[in-house]
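Data first, discussion second: the structure below is written as structure tokens.
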Amino acid sequence: MRKIMLDLAVTLDGFIEGPNGEIDWCILDDDMNFDGFLAGIDTIFYGRVSYALWGNYQPEPTASDAEQSLWARVHSKKKYVFSSQPQPEDHHATFITSDLAENVAAIQQQAGTDIWLYGGAGLIKTFIDLALIDVYRISVHPTVLGAGKPLFEHVKERINLDLIEVNRFRSGVVQLVYEHKK
């Protein structure tokens, strides 16, 4: 069965964005092997707001070749958008508006590689609450915000994890990779 992987940046104090939605503290170093991560997935799960912001994002024409290439690889993946609201037709994604757990289980049974749970925060919380995340790949950034949107908020039940990998990067980012003990 395909695994659902949460790959996410957090600050040292556990926030996924600042109080005004800022993510300017996020670092993407070339030694993080994000290309390797992208090579291991073929599907991305988005919430409605995250998809609106990033699902079809195109870098400026003056962006580096590396950034252009990165976004091309991201956009080559199959996209699912979870929303409780009906959405206009979009040929770049499949929208799921009901039966989240059943639809996720069906997608996991399809042939393919792993699935990236991109987010946003509401969708991540729902996946946490339903115990649908198989791998937590959390990149802790050397920034303390003091306030913002926390990764783990109002968790309903304990989540037991096994640490399977730790990666340290030049920027000071430390990546912790955990598997969910189910």
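What follows is calculated from the coordinates using simple rules that are stated; it is not laboratory data. These figures come from a predicted structure and were not determined experimentally. Positions of Cβ are backbone-derived with ideal geometry, glycine not excepted, and every protein chain shown enters the neighbour counts.
What list do you get for D35, D114 if you sort them by fewest beta carbons within 10 Å? Write down the numbers at each step before the final one.
Numbers: D35 13, D114 18.
Fewest-to-most ranking of D35, D114: D35, D114.
Charge dipole of the chain (Cα centre as origin; +1 on each Lys and Arg Cβ, -1 on each Asp and Glu Cβ, all else neutral): 480 debye, rounded to the nearest 20.
Dipole check for region 2-84: with +1 at the C-beta of Lys and Arg, -1 at the C-beta of Asp and Glu, and the Cα centre as origin, the magnitude is about 760 Debye. In this simple spin-label model, placing a label point 7 Å from the Cα along the Cα-to-Cβ direction at both D129 and T97 gives a separation of 2.0 nm. The helix-based estimate of mean residue ellipticity at 222 nm for the chain, built from -39,500 (n - 2.57) per DSSP H run of four or more residues and divided by its residue count, is -5500 deg cm²/dmol to the nearest 500.
Counting other C-beta atoms within 10 Å, and keeping those with at most 16, which DSSP coil GluC sites (Glu not before Pro) do you find in region 81-156?
Working: sites: E89, E102, E153; in loops: E89, E153.
Sites meeting the loop and neighbour criteria: E89, E153.
For the chain, pairs of C-alpha atoms spaced more than 22 angstrom apart make up 47 percent of the total.
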